[in-house]
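Let me begin by presenting the structure, written as structure tokens, before commenting on it.
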Protein chains: 2
Amino acid sequence: MRICVLGGDGYCGWATALYLSRRGHTVSIVDNFARRQWDHELGVQTLTPIQPLFERVRAWRDLTGHEIEVFAGDVTDHEFLASTIETLRPDAVVHFAEQRAAPYSMIDRQHAVFTQVNNVVGTLNLLFAIREIVPDCHLVKLGTMGEYGTPNIDIEEGYIRIEHNGRSDVLPFPKQPGSFYHLSKVHDSHNIMFACKIWGLRATDLNQGVVYGTVTDEVSLDEVLINRFDYDDVFGTVLNRFCIQAAIGHPLTVYGLGGQTRGFLDIRDTVRCIELACLNPAAPGECRVFNQFTEQFSVLELATMVQAEAAKFGLRAQIEHLPTPRVEAQEHYYNARHSKLIDLGLRPHCLSDSLLDSLMNIAVKYRERVDVGAFLPQVNWKNARNERRPSSAAAALAMSKGVV
Amino acid sequence: MRICVLGGDGYCGWATALYLSRRGHTVSIVDNFARRQWDHELGVQTLTPIQPLFERVRAWRDLTGHEIEVFAGDVTDHEFLASTIETLRPDAVVHFAEQRAAPYSMIDRQHAVFTQVNNVVGTLNLLFAIREIVPDCHLVKLGTMGEYGTPNIDIEEGYIRIEHNGRSDVLPFPKQPGSFYHLSKVHDSHNIMFACKIWGLRATDLNQGVVYGTVTDEVSLDEVLINRFDYDDVFGTVLNRFCIQAAIGHPLTVYGLGGQTRGFLDIRDTVRCIELACLNPAAPGECRVFNQFTEQFSVLELATMVQAEAAKFGLRAQIEHLPTPRVEAQEHYYNARHSKLIDLGLRPHCLSDSLLDSLMNIAVKYRERVDVGAFLPQVNWKNARNERRPSSAAAALAMSKGVV
């Protein structure tokens, strides 16, 4: 298939582009390198030393013979996006090209507005480009499990049958997103559902859980292909951060009680889910929703698992509870359905000791690059304006106060 | 109370500002005159000869002694908005300052993106301004009944208790908006709900039905105060259009079967509902939703009522079914709750013969100003791009084809 990966220089996007390329698809990447820019802005960097995209793509060609074409530009620039889609005429567009960090969207008004405008306008542009240029193209859009929040009922895959006053209908599952970022994904979901209805587009909205891991079969071919491994308070995800904290003997920083339960998945399952969605497209007019995760854990359960794994490396990992910077339930019911991707053939990688082992190995290998200041949450949901400091300054401050 | 009316130069905004001013509140208007600009863009105008805002406000002061302060500017300009809120320190902000026409948002990509960015960013700016400057201020936000779409179950006021797999929760009512404009209001609703949750703001989200009428006690004091009366295919509302069509002997243009059922209300109830919301503010942290309409009608029922009323004026009004330009159910279940404003004291003006009579009188009085070209729908939901012509050209075209 001809597959265009928007945001293909990012964490999930890069792993996906390589996986699809190796599987024989004709892959192109569209990216504006915004993700790298945000690292500069925040004064943080990925644990792993990633290479510029042009180096990555050249190495991939040299190693495998597979060509990945790169289009540098911004999906909020409609002229650029439309001409790219016109050139490529893809069978599927995989859309990762959004600002994806909840804390980034909560820094202040500018970051909230930027996140919503960037994400909503990029997706609107894409919907119009598909409608006008390649109406049969399948949109595979990354959403998030965070769109649902933590309702006190089972979470279904996108839609729920509601019986009410003796009548019944299948309606979009009610959304209770927990940040301006998560809200942007809810806005996208509503826009996509509508575009499918009025124009007969095909779309799959993948409500992805929290991704962990960095090694896929493709990136492990050579270190030049290495993927991001983020652990900072803004773009880092929780399990990656715990492993790095354990590797350097830093307490595992649990926000609040740690009863926050979420869906998680291995990045090797992310890439497989994307291919399954592409190979089994939605019907014309259908806006299909898959919950893309494989296991549920509470944050405290993850911390305990990392603690046990670290002990095997001779590392003693303490658990430290920080006040949560978010406004969220710290203990709650959580049970989310996730069977549609399994039905299409997904065989999940579960978070066993062996995986934790490989995560710990990465963390240990690159531990010299760790900046402990980047662990500390600096963005508080209750503030309208967070004066975020570069992590090195934050680290010095924290150390002087005996926090780390 | 000190009440700031954003969008106070528009149809509902102007009537509301005068009503609140006459009731003794200290009223200010914020407006960027975008609504007047859109008339120029579309080549249409209100049936009634409205005056510039500065003339209206001066006349109001001369007639009543009540001062309404005007702040000219755009709510998407945060610096302007924040300094205005800082100057006024209002007890309540009534937010009408959005692009409010579904067909306008469906013209093409630019209009869709403009509508969503304009509405979402204006509301985000307002939420941040309230949080930072006047956190106890009550936000009274205009939403629309169109956020709900036409589900096959009863529509509740904002939230619904869902029983599912033996568990239960009260969740936001699922939304199925029918245009990029309606979507923008759904996005706003989610953003406001979240801001109330994290910052403890007070908000009332008024999901208003289709408004009809133009005469309130205040605007009838003098013709210089006259309100808008829109009948064009983009900004016109259905009942106003039918009355004008009847007044000039033009067929009443029903889209499709006419079984589309919606909630309606008299503009005199709009202004009273706004005051009721202001006088009974939401609690801190509460995002309250009221369905603001008084009666349900199908479009065909309205046409039949206007036909009967027109006969009393000696006018013979035919009903003409045009293909609907929208993607919508033409026959459907519709039953929406609307008791919360009644509980607060609203006494509805029902669409009786006497009201239709006054509407018909306005239509007959100004019928020389009618542009029949403005009746014809030129924006089709199924097109990604509608080449809209100024109404005079459209009229000539339609006449040449025997359509009118």
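The values are calculated or read from the model by the stated rules, or taken from the named source; none is laboratory data. Quick caveat, the model's predicted, so the values are computed rather than measured. Neighbour counts run over all protein chains shown; Cβ positions are idealised from the backbone, glycine included.
Return yes or no: is A:Thr150 under 30 Å from A:Glu387 (Cα atoms), touching a helix residue (DSSP H, G or I) at 6+ places or on another chain (Cβ under 7 Å) and touching a residue at least 12 places away in the same chain (Cβ under 8 Å)? When the stated conditions are applied, A:Thr150 does not pass them.
Counting the residues of the range A:154-166 that are of a type outside the set (Phe, Trp, Tyr) and either more than 8 Å from chain B (Cβ to nearest Cβ) or touching a residue at least 40 places away in the same chain (Cβ under 8 Å) (or both) gives 7.
With respect to (1) at pLDDT below 95; (2) surrounded by 13 or more Cβ atoms within 10 Å (Cβ to Cβ), the lone exception for B:Val370 is condition (1). Are any residues in the range B:119-133 buried (at least 22 other Cβ atoms within 10 Å of the Cβ) and either more than 9 Å from chain A (Cβ to nearest Cβ) or under 15 Å from B:His190 (Cβ atoms) (or both), and if so, which ones? Answer for the range B:119-133, where residues must be buried (at least 22 other Cβ atoms within 10 Å of the Cβ) and either more than 9 Å from chain A (Cβ to nearest Cβ) or under 15 Å from B:His190 (Cβ atoms) (or both): B:Asn119, B:Val120, B:Gly122, B:Thr123, B:Leu124, B:Leu126, B:Leu127, B:Ile130. Summed over the range A:85-111, the residues that are of a type outside the set (Val, Ile, Thr) and either under 17 Å from A:Val70 (Cα atoms) or outside any helix (DSSP H, G or I) (or both) give a count of 15.
Test B:Glu295 against the criterion of being out of contact with any helix residue (DSSP H, G or I) (no Cβ under 8 Å at 6 or more places or on another chain) and under 17 Å from B:Arg367 (Cα atoms), and give yes or no. It is false that B:Glu295 is out of contact with any helix residue (DSSP H, G or I) (no Cβ under 8 Å at 6 or more places or on another chain) and under 17 Å from B:Arg367 (Cα atoms).
In this structure, A:Pro177 qualifies as surrounded by fewer than 24 Cβ atoms within 10 Å (Cβ to Cβ) and not polar (S, T, N, Q).
Among the candidates B:Thr261, B:Thr214, the residue that is of a type in the set (Ser, Thr, Tyr) and at pLDDT below 95 is uniquely B:Thr214.
Pairs meeting the criteria (first residue in the range A:20-40 and over 15 Å from A:Val94 (Cβ atoms), second residue among the aliphatic types (A, V, I, L, M) and in a strand (DSSP E or B), beta carbons under 7 Å, at least 6 apart or on different chains) are A:Asn32/A:Ala72.
Of the numbered criteria (1) at the interface with chain A (Cβ under 9 Å from one of its Cβ atoms); (2) within 20 Å of the chain's Cα centre (by Cα), the one B:Tyr148 fails is (1). Look at the range A:256-283: where a residue is touching a residue at least 60 places away in the same chain (Cβ under 8 Å) and a partner is of a type in the set (Asp, Glu) and crowded, with 22+ Cβ neighbours inside 10 Å, sitting 6+ places away or on another chain with Cβ atoms under 9 Å, you get A:Val271/A:Glu218.
Residue-by-condition table, conditions (1) farther than 25 Å from B:His250 by Cα; (2) among the basic types (Lys, Arg); (3) touching a helix residue (DSSP H, G or I) at 6+ places or on another chain (Cβ under 6 Å); (4) modelled with pLDDT of 95 or more:
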residue: B:Ala310; (1), (2), (3), (4): no, no, yes, no
residue: B:Ile319; (1), (2), (3), (4): no, no, yes, yes
residue: B:Pro323; (1), (2), (3), (4): no, no, no, yes
residue: B:Ala336; (1), (2), (3), (4): yes, no, no, yes
residue: B:Leu341; (1), (2), (3), (4): yes, no, yes, yes
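Given the criteria within 14 Å of another protein chain (Cβ to nearest Cβ) and surrounded by 24 or more Cβ atoms within 10 Å (Cβ to Cβ), does B:Ile244 qualify? Against the criterion (within 14 Å of another protein chain (Cβ to nearest Cβ) and surrounded by 24 or more Cβ atoms within 10 Å (Cβ to Cβ)), B:Ile244 does not qualify.
Within the range A:202-231, the set of residues being touching a Pro at 6+ places or on another chain (Cβ under 9 Å), surrounded by fewer than 24 Cβ atoms within 10 Å (Cβ to Cβ) and not basic (Lys, Arg) comprises A:Glu223, A:Ile226. In the range A:323-378, of all residues being part of a helix (DSSP H, G or I) and of a type in the set (S, T, N, Q), the one that is farthest from the other protein chains (Cβ to nearest Cβ) corresponds to A:Asn361. Return yes or no: is A:Pro281 within 14 Å of chain B (Cβ to nearest Cβ) and crowded, with 17+ Cβ neighbours inside 10 Å? When the stated conditions are applied, A:Pro281 does not pass them. Of all residues in the range A:176-188, those that are basic (Lys, Arg) have Cβ atoms under 9 Å from Cβ atoms of residues that are assigned to a helix (DSSP H, G or I), 6 or more apart or on another chain, in A:Lys185/A:Asn119; A:Lys185/A:Gly146; A:Lys185/A:Glu147.
Of all residues in the range A:311-340, those that are more than 14 Å from A:Phe264 (Cα to Cα), among the aliphatic types (A, V, I, L, M) and in contact with a strand residue (DSSP E or B) (Cβ under 9 Å, 6 or more places away or on another chain) total 3. Looking across the range B:249-288, the residues that are assigned to a loop (DSSP other than H, G, I, E, B), touching a Leu at 6+ places or on another chain (Cβ under 9 Å) and under 21 Å from B:Tyr19 (Cβ atoms) come down to B:Asn280, B:Ala282.
What strands (runs of 3 or more DSSP E) lie completely within the range B:1-76 and have 2 or more residues being buried (at least 22 other Cβ atoms within 10 Å of the Cβ)? Spell out how you get there, then give the answer.
Values: elements: B:2-6, B:26-31, B:69-72.
So the answer is B:2-6, B:26-31.
Scanning the range A:167-210 for residues that are more than 10 Å from every other protein chain (Cβ to nearest Cβ), touching a Gly at 6+ places or on another chain (Cβ under 6 Å) and assigned to a loop (DSSP other than H, G, I, E, B) yields a total of 1. For the range A:108-118, the set of residues classified as farther than 16 Å from A:Val186 by Cβ and more than 7 Å from chain B (Cβ to nearest Cβ) consists of A:Asp108, A:Gln110, A:His111, A:Phe114, listed by residue number. Consider only pairs whose beta carbons are under 7 Å apart and that are at least six residues apart or on different chains; among these, list those whose first residue lies in the range B:347-368 and is touching a residue at least 24 places away in the same chain (Cβ under 8 Å) and whose second residue is among the β-branched types (Val, Ile, Thr) and outside any loop (DSSP other than H, G, I, E, B). That search, which allows pairs on different chains as well, returns B:Leu356/B:Val306; B:Ala363/B:Ile244. Condition first: crowded, with 22+ Cβ neighbours inside 10 Å and farther than 30 Å from B:Val238 by Cα. Can you find one or more residues in the range B:86-102 that meet it? Looking through the range B:86-102, at least one residue is crowded, with 22+ Cβ neighbours inside 10 Å and farther than 30 Å from B:Val238 by Cα.
In the condition set (1) assigned to a helix (DSSP H, G or I); (2) under 19 Å from the mean Cα position of the chain (by Cα); (3) in contact (Cβ under 8 Å) with a residue 40 or more places away in the chain, A:Phe114 is compliant with all but (3). Among the numbered conditions (1) out of contact with any helix residue (DSSP H, G or I) (no Cβ under 8 Å at 6 or more places or on another chain); (2) under 30 Å from A:Tyr333 (Cα atoms); (3) more than 7 Å from every other protein chain (Cβ to nearest Cβ), the only one that B:Asp136 does not meet is (2).
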